Amino acid sequence: MKGEARSMGQHDKSKQEGHIWGSMRRTAFILGSGLLLFVAFWNSVTWHLQRFWGASGYFWQAQWERLLSTYEGKEWILYIIGKCLDLTGSTQ
């Protein structure tokens, strides 16, 4: 009777360990798959955003150059104007 109970206890313990390892494998598979899908999605979004901002980046560079030529390359005037606009915008 005692030997039978002992062998059943060991059998249950090894069955439980097998269940734990199976759960860990399933968890690793689900998390790994989710991570892989997330990285693929993030790379795709980054690629599309780079294409969009790369195309519009030339537009903003042209606007900046036009603004600099308006003030004849005196960046300090742009700094003072920007700082004044920043201060008036933050009080609202």
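The values are calculated or read from the model by the stated rules, or taken from the named source; none is laboratory data. Since we're looking at a predicted model, the values are computed, not measured. Positions of Cβ are generated from backbone atoms using ideal geometry, with glycine treated the same way; all protein chains shown enter the neighbour counts.
Structure summary
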{"read-out": "Pairs where the first residue, in the range 67-92, is at negative phi and the second is among the β-branched types (Val, Ile, Thr) and modelled with pLDDT of 80 or more, C-beta under 8 Å, 6+ apart", "value": "Tyr71/Ile77"}
{"read-out": "Filtered residues of the range 45-92 (kept if among the hydroxyl-bearing types (Ser, Thr, Tyr), at pLDDT below 80 and either touching a Cys at 6+ places or on another chain (Cβ under 8 Å) or assigned to a loop (DSSP other than H, G, I, E, B) (or both))", "value": "Thr91"}
{"read-out": "Residues (surrounded by 10 or more Cβ atoms within 10 Å (Cβ to Cβ) and over 34 Å from the mean Cα position of the chain (by Cα)) located in the range 51-72", "value": "Leu67, Leu68, Thr70, Tyr71"}
